[in-house]
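Working notes, beginning with the structure itself.
The values are calculated or read from the model by the stated rules, or taken from the named source; none is laboratory data. Treat the numbers as computed from the prediction; the structure is a model and nothing was measured. So basically every Cβ, Gly included, is an ideal-geometry build from the backbone, and we count neighbours across all protein chains shown.
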Amino acid sequence: MMKQEALEVLKNRRAIRKFKPEQVTKEDLDAVLEAGTFAATAGGKQAPVIVAVQDPDTVALLNIMNAKISNSVRKPTEQIKDPYYGAPTILLVIEPENVMVPDLDCAVVGGNLLNAAYAVGLGSCWIHRSKEMFNTAEGRELLKKWGLPETMRSVCSIALGYPSGPHPKAAPRKADYIIRV
Ligand SMILES: Cc1cc2nc3c(=O)[nH]c(=O)nc-3n(C[C@H](O)[C@H](O)[C@H](O)COP(=O)(O)O)c2cc1C
């Protein structure tokens, strides 16, 4: 039974881009974060750090920082203002640059966070360009404030909140997704 439930979570999680304004409860957030810390990491080193941002000013700042990076590669007609879609919480998975496989560790932790979020009734969406965000003076300032070395780079950021609106449908899976040998 448990096995089936886990598979349902993995299959039914979708990217959520519309959130209720209410903040994520401590209980739900803790459950998601704990699941993140149990992700596989290279060499079992648990190199990543997860930063859970719920302070509204910092959430607003991260939106501005991400939009600045995203808009620099977008057409003037496609500029965005709220890349985290108004989510009340932003999760960042940050990892030192000098570890074996930083991007991969972060992605595995990020995957756990997305699935755990769905399992507890939260909505989430992976948001791109967080690595570039933390490669700026503003980004380095935040790392310092959080007590992290300035060489740390976030490679995963996630919008998190209670979903608003109907649950999105998955796109059909492509026919040649799996090759059996
Ligand atoms: C590496 C990565 C980067 C993504 N970047 C963004 C992003 O910047 N903005 C966004 O709205 N969604 C982003 N997504 C979410 C994908 O668009 C979404 O997962 C995809 O459309 C499939 O939908 P599903 O997650 O509901 O299956 C990203 C997903 C991944 C894995």
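Results, tabulated for the structure shown:
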read-out: Tally, over the stretch 53-112, of residues that are aromatic (Phe, Trp, Tyr) and more than 24 Å from Lys26 (Cβ to Cβ); value: 0
read-out: Residue in the stretch 115-132 that is at pLDDT below 95, closer than 16 Å to Ile50 by Cα and of a type in the set (S, T, N, Q) present; value: yes
read-out: Pro83 assigned to a loop (DSSP other than H, G, I, E, B), more than 16 Å from the ligand (Cβ to nearest atom) and closer than 19 Å to Ala159 by Cβ; value: no
read-out: Residue under evaluation Ala175, criteria (1) more than 12 Å from the ligand (Cβ to nearest atom); (2) touching a residue at least 40 places away in the same chain (Cβ under 8 Å); (3) part of a loop (DSSP other than H, G, I, E, B); (4) within 24 Å of Arg13 (Cβ to Cβ), criterion not met; value: (2)
read-out: Long-range neighbours under 7 Å by Cβ, at least six apart or interchain, first residue among the hydroxyl-bearing types (Ser, Thr, Tyr) within the stretch 48-74, second surrounded by fewer than 17 Cβ atoms within 10 Å (Cβ to Cβ); value: Ser70/Ile80
read-out: Some residue of the stretch 126-137 being touching a Cys at 6+ places or on another chain (Cβ under 6 Å) and more than 11 Å from the ligand (Cβ to nearest atom); value: no
read-out: Breaking point among (1) more than 24 Å from Gly43 (Cα to Cα); (2) surrounded by fewer than 21 Cβ atoms within 10 Å (Cβ to Cβ), for Glu97; value: (1)
read-out: Residue that is modelled with pLDDT of 95 or more, within 13 Å of the ligand (Cβ to nearest atom) and not basic (Lys, Arg), where the choices are Asn63, Asn71; value: Asn63
read-out: Residue identified as more than 13 Å from the ligand (Cβ to nearest atom) and either in contact (Cβ under 8 Å) with a residue 40 or more places away in the chain or out of contact with any Phe, Trp or Tyr (no Cβ under 6 Å at 6 or more places or on another chain) (or both) among Leu143, Leu114; value: Leu143
